[in-house]
Amino acid sequence: MREERAHSRPERGSLSPRSIPLRLGHAYLGHAQLSLVEHALCPLDATVSLSGSPIHETRYWYTDEQRHRKQARVRVAYPDGLSPTDELYLWGLLSLTFSQPKPSADFYATPYYCLRQLGCIDHQEARTGGKRFILFRNAISRLSAVSYRNDHFYDPVRGEHRDVGFGFLSYSLPLDPASSRAWRFAWDPIFFEFCQAVAGALRFDFHTYRTLDPASRRLYLLLKKVFWRSDVSPDFDLKDLAVSVLGFSATHPVWALSRKLSRCIAVLLDHAVIRLPDGLTSPSDLLRKRAKGQYSIQFHRGPHFENAAAPSPQLFDSPLYEPLHEIGLDDATIRHVLHTYNPRLIAECADMTLAAKERSGEKFFTKSPQAYFIDNLREQAAGNRTPPDWWRELRKEEERRRWQADRTDGAVATSQIFNAAFDAYLETDAREAFGRVMDRIFDDLKAAGQSDSDASEHARLFTRTHFLNRFRAEHPQWKHDDPTAQPRDIL
């Protein structure tokens, strides 16, 4: 079966999780969001999640303030597809972001730094280009298009369940794979707030997580959340766990789901994440029959969670170390810069210096790249200078070229996928704003003399057109009309 292949080994084009030993660095301590580990973000079968329906709907159980068991409904829209292995990059980038001294929604790093810290490449591999960098870029592109909706998401900031909708991240990066300039990742502000809250953060051993297969990774994160409070998990319904949490297909019979889940259990036993209670000898012994075709399972905490904490990060573990080193700064100067100035300002000045160096060479600088960088950093920090116009125009041109390259490569989805993404946007991010705008336009049209029916029809059309333009403005991948989309399909 296709899902069994996806469970037993990474799908084609993914990075083998066991191929490279992980160097202890910032990504040693993983960072995830508590509510998102309660369910699968996409089907486990990558052939379905990458090329099938752009919408994944699921449910999971939670306990409300009155200790009542209820279900939350989840809708994940991914117009460019989504792979289960993309979660490695999602949680990995989040881990690197929160490993910084002052985490912010803007994270700057080179792809080489990210892949090295995540254990996907070693020190001997090239710093730019190659298959691993392409896979990383493609995963980030898919993640940036995701729209998440949950009607009973636990808000850790307000301490209550709420109806929420958000994306994961946006990005801006140079087109030239040989460029030394840092990539910029901008986290969605609502998602970042949830991840930043102490009550919403899940910290885990990223090294262990990376070595697991996609299904076992999902089970590992769920159990990490459960075992923080108790040595024994609650009883999970077999089908709910296999389908809603791990992402196996609901069309599989119970015996097949049991076999797939047993393999995940065997993997976690090998990593000491769980243990078998006294008297049990195999993963299948954990299953308990409740009724015909219904089984439950309970897990016991293993010694894995008693491991020591991660070592302290070193200077070269900073995501800004490589760009500053490329400029020509020595370690003492880099350490001073990192401790003195705002990380975002450092990243922008470094990007500006490297862009000038790559575009015009050493002749651009009056003295040296190092002097140019330090001078701009000091002046901008003091409020005496703003970034030059040529750099701003260069970044705009890069975005335009990236969009054209995406269209040429066929990265722009069809009108059917576009409409699905836009509808998901109207149902999540723009739902409340859509109603307010439509009511205001309706009142204006009524005041102008239109009948109720005409005013209602025109208000809906004008509002949808307004949010269509807004959607494209907020999502660069949809900024220009898709050639396959017709106005009648969109409006």
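The values are calculated or read from the model by the stated rules, or taken from the named source; none is laboratory data. Keep in mind that this is a model prediction, so the values were computed, not measured. Here Cβ is always computed from backbone atoms with ideal geometry, including for glycine, and neighbour counts include all displayed protein chains.
The condition (being surrounded by fewer than 19 Cβ atoms within 10 Å (Cβ to Cβ), among the hydrophobic types (A, V, I, L, M, F, W, C), out of contact with any Ser or Thr (no Cβ under 7 Å at 6 or more places or on another chain) and in contact (Cβ under 8 Å) with a residue 60 or more places away in the chain) is satisfied by just one residue among Ala250, Ala272, Ala256: Ala256.
Hey, could you check the range 440-471 for residues that are out of contact with any helix residue (DSSP H, G or I) (no Cβ under 8 Å at 6 or more places or on another chain) and among the acidic types (Asp, Glu) and say which is nearest to Phe422 (Cα to Cα)? This residue is Glu457. Go through the range 185-208 and give me each residue that's surrounded by fewer than 20 Cβ atoms within 10 Å (Cβ to Cβ), in contact with a strand residue (DSSP E or B) (Cβ under 6 Å, 6 or more places away or on another chain) and among the acidic types (Asp, Glu). Passing the criteria: none in range. With respect to the conditions (1) aliphatic (A, V, I, L, M); (2) under 33 Å from the mean Cα position of the chain (by Cα); (3) at pLDDT 60 or above, Ala448 lacks only one, and its number is (2). Total residues in the range 368-422 satisfying the condition of being in contact with an Asp or Glu (Cβ under 7 Å, 6 or more places away or on another chain) and at pLDDT 75 or above: the figure is 2.
Residue check: is Tyr295 more than 30 Å from Val74 (Cβ to Cβ) and of a type in the set (Phe, Trp, Tyr)? Here the answer is no, as Tyr295 does not meet what is asked. Counting only residues that are charged (D, E, K, R) and under 24 Å from Trp187 (Cβ atoms), the range 338-367 holds 3 of them.
Scanning the range 7-31 for residues that are at pLDDT 50 or above, surrounded by fewer than 23 Cβ atoms within 10 Å (Cβ to Cβ) and of a type in the set (A, V, I, L, M, F, W, C) yields a single hit, Leu29.
The set of residues in the range 233-280 that are β-branched (Val, Ile, Thr) and more than 23 Å from His304 (Cα to Cα) comprises Val243, Thr251, Val254.
For the range 300-324, the candidate set comprises residues that are modelled with pLDDT of 85 or more and out of contact with any helix residue (DSSP H, G or I) (no Cβ under 6 Å at 6 or more places or on another chain); within that set, the residue that is surrounded by the fewest Cβ atoms within 10 Å (Cβ to Cβ) is Pro303.
Considering only residues in the range 51-96 that are in a loop (DSSP other than H, G, I, E, B) and among the small types (Gly, Ala, Ser), the one that is nearest to Leu212 (Cα to Cα) turns out to be Ser83. Of all residues in the range 143-164, which are in contact with a Ser or Thr (Cβ under 7 Å, 6 or more places away or on another chain) and either modelled with pLDDT under 90 or more than 23 Å from Val198 (Cβ to Cβ) (or both)? Result: Ser144, Ser147, Arg149. All of (1) out of contact with any strand residue (DSSP E or B) (no Cβ under 6 Å at 6 or more places or on another chain); (2) not in a loop (DSSP other than H, G, I, E, B) hold for Lys224 with one exception: (1). Any chance the range 56-66 includes a residue that's in the same structural domain as Phe206 (by TED's automatic domain parsing), within 16 Å of the chain's Cα centre (by Cα) and either surrounded by 15 or more Cβ atoms within 10 Å (Cβ to Cβ) or not polar (S, T, N, Q) (or both)? Yes; the residues of the range 56-66 include at least one that is in the same structural domain as Phe206 (by TED's automatic domain parsing), within 16 Å of the chain's Cα centre (by Cα) and either surrounded by 15 or more Cβ atoms within 10 Å (Cβ to Cβ) or not polar (S, T, N, Q) (or both).
Beta carbons closer than 9 Å, at least 6 apart along the sequence or on distinct chains, pair a first residue in the range 153-174 that is in the same structural domain as Val37 (by TED's automatic domain parsing) with a second that is in a loop (DSSP other than H, G, I, E, B) and of a type in the set (Lys, Arg) for Leu173/Arg181; Pro174/Arg181.
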